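Since the structure comes first, as structure tokens, the remarks are kept for the end.
The values are calculated or read from the model by the stated rules, or taken from the named source; none is laboratory data. Remember, predicted model here, so these are calculated numbers, not experimental data. Cβ placement follows ideal geometry from the backbone for every residue including glycine, while neighbour counts extend to all protein chains displayed.
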Amino acid sequence: MTSFDDKTTRIRTSAELGKLIKQVRQDQSLLQSDIAGLAGTGNRFIVDLERGKPTLQLQKVLDTLDLMGLEVIIQRKGQSNGHS
């Protein structure tokens, strides 16, 4: 995984996603409890998400990403998505 600075980042594992989410949260000067409160989840969910727990509910993960100003883009491997 590369450093995240407003560019497209390839994520291949739940651990990489968790690391990215933690980095973005810290860049936004937010606490885990801030994200949990805004997302309507428990603090434990955010802790598990940042640790890369692979069995979290997908919709909650997507909602949390959206709340943080992130989105998921799906593309075939080896193709450029046109985002910079």
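Could you list, ordered by first residue, the pairs with Cβ atoms under 8 Å in which the first is in region 57-80 and at positive phi and the second is surrounded by 13 or more Cβ atoms within 10 Å (Cβ to Cβ) and in a helix (DSSP H, G or I), at least 6 apart or interchain?
69/24
Identify the residue in region 1-38 that is modelled with pLDDT under 95 and acidic (Asp, Glu) and, among all such residues, is nearest to residue 73 (Cα to Cα).
6
Could you grab me the full set of residues in region 36-53 that are basic (Lys, Arg) and in a helix (DSSP H, G or I)?
Listed by number, the list holds a single entry, 44.
Can you tell me which of (1) under 17 Å from residue 9 (Cα atoms); (2) among the polar types (S, T, N, Q); (3) in a helix (DSSP H, G or I) is the one residue 33 doesn't meet?
(1)
Just give me the residues in region 25-76 being under 17 Å from residue 7 (Cα atoms) and touching an Asp or Glu at 6+ places or on another chain (Cβ under 7 Å), in sequence order.
Scanning region 25-76 gives a single hit, 65.
Take the residues in region 39-67 that are exposed (fewer than 15 other Cβ atoms within 10 Å of the Cβ), hydrophobic (A, V, I, L, M, F, W, C) and closer than 16 Å to residue 13 by Cα, then tell me which one is farthest from the chain's Cα centre (by Cα).
Of everything passing the filter in region 39-67, 58 is farthest from the chain's Cα centre (by Cα).
Spot the failing condition for residue 24; the list is (1) touching a Phe, Trp or Tyr at 6+ places or on another chain (Cβ under 9 Å); (2) without any contact (Cβ under 8 Å) to a residue 12 or more places away in the chain, and only one is missed.
(2)
Mind listing whichever residues of region 54-64 are in a helix (DSSP H, G or I) and under 26 Å from residue 77 (Cβ atoms)?
Scanning region 54-64 gives 58, 59, 61, 62, 64.
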